[in-house]
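Engineer: One structure is given below, represented as structure tokens, and several questions about it will come after.
The values are calculated or read from the model by the stated rules, or taken from the named source; none is laboratory data. These numbers were taken from a predicted model, which means no experiment stands behind them. Every residue, glycine as well, gets a Cβ built from its backbone with ideal geometry; the counts of neighbours run over all protein chains shown. Each accessible area value is taken on the protein alone, full model and side chains, heavy atoms only, with ligands, DNA and RNA left out. Shrake-Rupley method; radii C 1.70, N 1.55, O 1.52, S 1.80 Å.
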Amino acid sequence: MLRRLFLLMFCLLTIPAMPNSGKIYNATNIAPSGTDHVKQENKEKVYNATKIKGSPPSIDGILDEPVWKTASPATGFIQYEPHERAEPASQTEFRILYDDNNLYIGIRAYEENPEEIVSRMTRRDNIDGDVVMVQIDSYNDNRTAFSFGVTAAGVKIDYFVSGNGQNEDYSWDPIWHVRTNIDESGWTAEMMIPFSQLRFSGNGTNSWGLQVGRFIYRKEEVSIWQFIPKDASGWVHLFGELNGISDIKPRKELGITPYTVTSLNTFEKEPGNPYMTGRDNNLNGGIDAKFGITNDLTMDVTINPDFGQVEADPSVVNLTAFETFYEEKRPFFIEGRNIFNFRLTPGDGDLSGENLFYSRRIGRAPQHRPRINNGAYIDMPNNTPILGAIKLSGKTEDGLSVGLMQSLTGEQNANIFSSGTEYEKVVEPLTSYTAGRVQKDFNEGNSILGGMFTSTIRNLSDSSLYFLHRSAYSGGIDYSQYWNDKTWYLSTKFLFSHVRGEEEAISYTQQSPVHYFQRPDASHLEVDPARTSLTGHGGTIEGGKTGGRLNFIGIVHWKSPGLELNDIGYIRNADEIFQILWIGYRIWEPFGIFRRVNLSFNQFYSTDFGGKTLGRGANINGHTQFKNYWSLGAGTNVQLERYSTHVLRGGPSLLLPGSINNWVNISSDNRKNARFSANFSRSGAFEGEDKNFNYSLTATFLPHNALRFSLSPAYRTNKRELQYVSRVTHNGNNSYIMGKLEQKTASVAVRINYSLTPELSLQFYGEPFISSGSYSDFKHITDPAAGDYYDRFSLYSSGQVHFDDENNRYYFDENSNGSYDYNIGNPNFNALYFNSNLVFRWEYLPGSHIYLVWSQNRNQFAANGHFSFKNHTRELFDLHPHNVFMLKASYRIGN
């Protein structure tokens, strides 16, 4: 949340654009105060760097070396937030020096009352306190920038900006040096940025884009050197200029980081099970490397990577037919991931994760689980080992962005012990994953043409894996055109997929939840069991206005029934055409009791390729921050009657009643040492008994400048009258059994961060998660498209349903003739999970780390459906834990 707040204030998310014409002048001549600089605020500023003659400054945060006086001071910062174009509360100045190897930047942030400077110790890239930031467009492409920031406490904030300010990659961690100091005049920052960490041409004299900004935390005030209006539709292309850097040579980055890791696992011992002995240990090692192929292109290599220090995924209970989407957290795959981004649709919501490339596929959990005999034991691996991966990324001088990733995962086997004999069974094949992406800027960044291609190739060495695709390919092209200084735009995107495999694999794909070709009422679909390939296509056309107070966007998107991306990408469902109209209005100047206000409205409509309406509705929402720094947001979403092609899991489409969802969130003053945010939402159907309530709270406490504690309890109730239970065959026909689900879910996420220095920290995350679901009022679908809601199903009477406690099964007498026609397992559930990570992290040298990690998980799944937070919490912590203790050490060699 703090990061998003800072990004909003630093205008790096969705900042709009306006023409910048006018005289170019030297920044050292800008008036430090008064009206002169305000009159010239929209003109492009220029700063001329000074080359060092003699010894460079020592990086200690104190700008007292004589060499700093040889550089001209740049002043004239202008307030951006909250009062656009106003004088800042405190002035800022900077100076820039360089030598053959490094760029040196000294920043003086004046403060009349230095005791009011907020200086809090956090981990890298976690913003909490006063900040100064430098952004350099060394490509000079008006779209990308390298960002180097620091808090008053000396915490580094570095990230790579792309898309003219639309994207920020915080996984980019360059090797650079910075120190800060607080004195009687305010605070200072002293930076040394090696040229090897920047990308630029070697044409003698360089002209780079430059922006310098300051964030005063206690006032939530942002001031910037090169003024950019809030109604602009871009960011980087409106930077000032950094000139005067000449006769430097591009430096190729070279870094090799070998690592070693040792781990100890402890778990509950199971008598007779040779794989559950109570403990095991492991010693492993690998290499990470970064090579500058050219100054523009960098190659990252990892051999036998280990990600044991990565935080565990949050617990979920998924009762839908769709795959759960998890965010990527592994460093190798998140660094530079923007270049591989080929999203199918913009915005957020259920479809926001759909992409041609979903890196969580690499190293995934094995997809085959062998059946074993009673009394046998199996040692099933949790994930697939990544043997190695190579990633090439960068942007050439002529505006060509390149991204290429290739990864190889090894064949994985499960060990099985049965009747005194041990043998192996393959559960995941040797697999090669490839993703390539290119983009080319034209017309000063106003025209962008790109393309992407992916492949997945598997070595199916065993017939038990024939349900997997032998090969899968996908790709697409995208084109964006901007007008009126990037205020208006039109974007198009077209994509395809092609998968090949045995008949078993393609039949499985056709009938999977993504496609459901077997739906009996889908006349445009048919399962072909003899197929050995499947091809699909999709695309998006969007355009609108993104500058000024009033913004609007129109989108048309489609995914053909055969589109299949889930070998290396992510797609939730295919066979869909939808349209969206979004309108937003922003008020950024404070007025009345408000500091800022954002309002938006959107309308949506979707069908499948057979013309069946899948969704139609509208949404209105608003968000405001008050002058006391509290925030409030609220919204309403109305969904009209529509069909679901997924509720019956391959059965006919089910007509669902309309519904309404309301939500509200409130957050307190984020500057305080004690702060909170609360969220509430309620949804309900216009017919039937469906209701859903969500309550969540996050309370954060900072008892010390280096210590942060947060507690995030959440509680959800879900009452659904038509929850899918099972499909049974009776008299040659399919019967779809539904039940009334009453689900209650509670969780409490705890986070503790203690940062002794920016390089030394202790971090804890733990979350108990409890979810219980109870089913009643069983019924079967009779007429899924009936006009009357209650004609769509028939409720079983009490005499038609019998529960056998001994076998834990329900028996159904559909014809009421005294004999049971079919039976199902008890669908009630209690899911108890606890995941935690305790990580000690020390960056003892730049790029070299030591990690001490303790991970623990406890889990239990039972079929009773009764919810008791007190009793279930006690049960959860009575479970025997699975502990992982790990020591990982790495050492970086290179520049």
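Engineer: If you roll a 1.4 angstrom probe over the protein chains with everything in place, what fraction of the accessible area of segment 482-606 belongs to carbon and sulfur, to the nearest %?
Structural biologist: 63
Engineer: Evaluate the Kirkwood expression for the hydrodynamic radius of segment 130-237, namely the inverse of the mean inverse distance over all pairs of different C-alpha atoms, and round to one decimal in Å.
Structural biologist: Final number for the Kirkwood radius of segment 130-237 is 14.9 Å.
Engineer: Classify segment 241-364 as rounded, prolate or oblate, taking a ≥ b ≥ c as the square roots of the eigenvalues of its Cα gyration tensor: rounded when a/c is under 1.5, otherwise prolate if a/b is larger than b/c and oblate if not.
Structural biologist: Taking the square roots of the gyration eigenvalues as a ≥ b ≥ c, segment 241-364 is oblate.
Engineer: On to the next question. In segment 368-491, with Lys and Arg counted as +1 and Asp and Glu as -1 at Cβ, which of these residues, 474, 447, 373, has the Cα nearest the positive end of the dipole, that is, farthest along it?
Structural biologist: Value computed over the given set: 373.
Engineer: To continue, here is another question. Relative to a virtual label point 7 Å from the Cα of residue 218 in the Cα→beta-carbon direction, which members of segment 590-634 show backbone nitrogen distances below 19 Å?
Structural biologist: Residues passing the 19 Å test: 627-630.
Engineer: Give a quick list of trypsin sites (Lys or Arg not before Pro) in segment 465-500 that DSSP marks as loop, anything other than H, G, I, E or B, with at most 12 other Cβ atoms within 10 Å.
Structural biologist: Here no trypsin sites (Lys or Arg not before Pro) fit, given the DSSP loop and packing criteria.
Engineer: Report the extension gain between residue 579 and residue 887 in nm, rounded to one decimal, defined as 0.36 nm multiplied by the number of residues separating them, less their alpha carbon distance.
Structural biologist: So the extension gain works out to 105.8 nm.
Engineer: What percent of all Cα-Cα pairs in segment 344-405 falls into each 5 Å bin, going from 0 up to the bin containing the maximum distance?
Structural biologist: The calculated distribution, bin by bin, is 4, 11, 12, 13, 14, 15, 11, 7, 6, 3, 2, 1, 1, 0.
Engineer: Show which lysines lie in cross-link reach of residue 870 when reach means a straight Cα distance below 16 angstrom and same-chain residues fewer than eight apart are skipped.
Structural biologist: Straight-distance partners of residue 870: 744.
Engineer: A follow-up question, please. For segment 377-488, what is the accessible area per residue in Å² when the probe is 1.4 Å?
Structural biologist: 42
Engineer: May I ask you to give the solvent-accessible area per residue for segment 704-804, in square angstrom, as obtained with a 1.4 angstrom probe?
Structural biologist: 44
Engineer: Hand me the GluC sites (Glu not before Pro) from segment 240-318 located in a DSSP loop with no more than 16 other Cβ atoms within 10 Å, in residue order please.
Structural biologist: 268, 311
Engineer: Which whole-number value in Å³ per residue fits the convex hull of the alpha carbons of the chain?
Structural biologist: That works out to 171 Å³ per residue.
Engineer: With a 1.4 Å probe and all protein chains left in place, how much accessible area per residue does segment 589-656 have, in Å²?
Structural biologist: That works out to 42 Å² for each residue.
Engineer: Follow-up. Measure off, as a whole percent, the carbon and sulfur share of the 1.4 Å-probe accessible area of segment 62-144, all protein chains present.
Structural biologist: 44
Engineer: What is the extension gain from residue 850 to residue 83, computed as 0.36 nm multiplied by their sequence separation minus the C-alpha to C-alpha distance, in nm to one decimal?
Structural biologist: Between residue 850 and residue 83, full extension yields an extra 271.7 nm.
Engineer: Lys and Arg at +1, Asp and Glu at -1: add these up for the other residues within a Cβ distance under 15 Å of residue 244 and post the number.
Structural biologist: Computed value for this residue: 0.
Engineer: So which lysines pass the test for residue 779, namely a Cα distance under 17 Å, with those fewer than 8 places away in the same chain ruled out?
Structural biologist: Cross-link targets: 719, 740.
Engineer: Another question, if that's okay. Less than 12 Å Cβ to Cβ from residue 892, Lys/Arg counted +1 and Asp/Glu -1: what total charge do the surrounding residues give?
Structural biologist: My count for the surroundings of residue 892 gives -3.
Engineer: For the chain, what is the calculated [θ] at 222 nm in deg cm²/dmol (nearest 500), taking -39500 (n - 2.57) for each run of four or more DSSP H residues and dividing by its residue count?
Structural biologist: -1000 deg cm²/dmol, from helical runs alone.
Engineer: Run the numbers for residue 318 and residue 628: contour at 0.36 nm per residue of separation, minus the present Cα-Cα distance, in nm.
Structural biologist: 107.6 nm
Engineer: Suppose each label sits 7 Å from its Cα in the direction of the beta carbon; what would the residue 875-residue 532 distance come out to in nanometres?
Structural biologist: So the label points at residue 875 and residue 532 sit 5.1 nm apart.
Engineer: Got a sec? Which residues in segment 250-292 would a label at residue 379 touch, if it sits 7 Å along Cα→Cβ and we count backbone N under 17 Å?
Structural biologist: Within reach of a label on residue 379: 263-284.
Engineer: Modelled label-to-label distance, residue 341 and residue 838, 7 Å Cα→beta-carbon offset: nm?
Structural biologist: 3.7
Engineer: Also: With +1 on each Lys and Arg Cβ and -1 on each Asp and Glu Cβ, how big is the dipole of the chain about its Cα centre, in debye rounded to the nearest 20?
Structural biologist: Dipole of the chain, to the nearest 20 debye: 960 debye.
Engineer: Starting from the exponent 0.38 and prefactor 2.2 Å, build the expected Rg for segment 806-895 from its residue count and divide its actual Cα Rg by it.
Structural biologist: 2.00
Engineer: Identify all aspartates and glutamates with a Cα-Cα distance to residue 230 below 15 Å; exclude those on the same chain that are fewer than 8 residues away in sequence.
Structural biologist: The reachable aspartates and glutamates, counting only those whose Cα sits under 15 Å from residue 230, are 41, 81, 84, 221, 485, 589.
Engineer: Something else: Can you pull out the chymotrypsin sites (Phe, Trp or Tyr not before Pro) in segment 165-223 whose DSSP state is coil and whose Cβ has at most 16 other Cβ atoms within 10 Å?
Structural biologist: Those that pass, being in a loop and sparsely packed, number zero.
Engineer: Here is a follow-up. Can you send over the carbon and sulfur percentage of the accessible area for segment 643-753, probe radius 1.4 Å, protein chains only?
Structural biologist: Carbon with sulfur: 52 percent of the solvent-accessible area.
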